[in-house]
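Inspection log for the structure reproduced underneath, given as structure tokens.
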Amino acid sequence: MDRREAMLRELNLYPLWVQRHAPELTPSVEAAVAEEPPAEVLPPDVQPSNAGSASAPDDATLRVETEVEDLFVAEPYVQRDSGEDSLREFQLKIAGGPLADVAWPELKQKVRDCELCALRAGCTQTVFGVGDEQADWLFVGEAPGEDEDASGEPFVGQAGRLLDNMLMAISIKRGDNVYIANVIKCRPEEDRHPHVGEIAACLPYLKRQIALIQPKLIVALGKTAASALLDTDATIATLRGSVHDYNGIPLIVTYHPAYLLRSPMEKAKAWQDLRLAVATMRL
Ligand code: URA
């Protein structure tokens, strides 16, 4: 088994199968996705006509997939009850210190010194982001976990290994024309989802990172990133499958790698999202 095959197996993409009930796409996006992805993205012996092969899911699998997705969609991304009250307070603090003209070194320092919310007190270090500061690609996750808190780099744990494989599937290597960041720069205790006030406090840092990088395309990994950047409470199921706009930059939503580890059946949908990202980048 060569490296590519191993990577595609890890992603549950070898051999390739497609959903029978793919989400509806707008005509322009549909045309883009219908295009063949670059040859190197597809495993050598897999062509679109292989769809519906022996490895395609049966109706029972599709039912389970839907149930799993419903469970995920039902999962709250913020605990509004405990965060809502502090939102106005945080916004006032942020309004007092705009980041509009802040360059990379000062921005990094500001994140290191940040005490806008209580997370900093409970984490080992801040996790700013990593990669090419002029990258075409930007991948945005939720928040550091235990491994990231220890290393200071985003996505270095199990979910990070899957993200690296997802990147490799579209011929991207960490550090090369890609930047990886999170909405939240400090690890929430017990890896809970961040509260709305914590997101409000931290989001300006990510927004400034995006303004400095000026990526050609953003991939939002999971609901926290998608909701924060698109300012919506819509579900991932609703948001994925189309190209959104973040201040003039195309943004594509897909599942968070940690969710894909828990629900490997969804990896095929993530693959579809990555193909949409590649097609959008080529437009
Ligand atoms: N999950 C995230 O959202 N970000 C990380 O950096 C690690 C895990």
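The values are calculated or read from the model by the stated rules, or taken from the named source; none is laboratory data. None of the values given here were measured: they were computed from a predicted structure. A quick note on method: Cβ atoms are made from the backbone with ideal geometry, for glycine too, and the neighbour counts reach across all protein chains shown. Each accessible area value is taken on the protein alone, full model and side chains, heavy atoms only, with ligands, DNA and RNA left out. Shrake-Rupley method; radii C 1.70, N 1.55, O 1.52, S 1.80 Å.
What the table below lists for this structure:
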{"quantity": "One residue from 264, 250, 188 being surrounded by fewer than 23 Cβ atoms within 10 Å (Cβ to Cβ), within 14 Å of the ligand (Cβ to nearest atom) and in contact (Cβ under 8 Å) with a residue 12 or more places away in the chain", "calculated": "188"}
{"quantity": "Residue within segment 212-235 that is within 13 Å of the chain's Cα centre (by Cα), free of Cβ contacts under 8 Å to residues at least 24 places away in the same chain and within 15 Å of the ligand (Cβ to nearest atom) present", "calculated": "no"}
{"quantity": "Checking residue 275 against (1) more than 16 Å from the ligand (Cβ to nearest atom); (2) open to solvent by less than 40 Å² (accessible area, probe 1.4 Å), the condition it does not meet", "calculated": "(2)"}
{"quantity": "Residue match in segment 175-185 (condition: modelled with pLDDT of 95 or more, open to solvent by 10 Å² or more (accessible area, probe 1.4 Å) and within 14 Å of the ligand (Cβ to nearest atom))", "calculated": "no"}
{"quantity": "All positions within segment 202-247 that are in contact with a Pro (Cβ under 9 Å, 6 or more places away or on another chain), open to solvent by less than 10 Å² (accessible area, probe 1.4 Å), closer than 20 Å to residue 184 by Cβ and of a type outside the set (A, V, I, L, M, F, W, C)", "calculated": "222, 224"}
{"quantity": "Criterion (at pLDDT 50 or above, open to solvent by 90 Å² or more (accessible area, probe 1.4 Å) and charged (D, E, K, R)) met by exactly one of 115, 133", "calculated": "115"}
{"quantity": "Number of the exception - residue 139 against (1) within 16 Å of the ligand (Cβ to nearest atom); (2) more than 14 Å from residue 202 (Cβ to Cβ); (3) not in a strand (DSSP E or B)", "calculated": "(3)"}
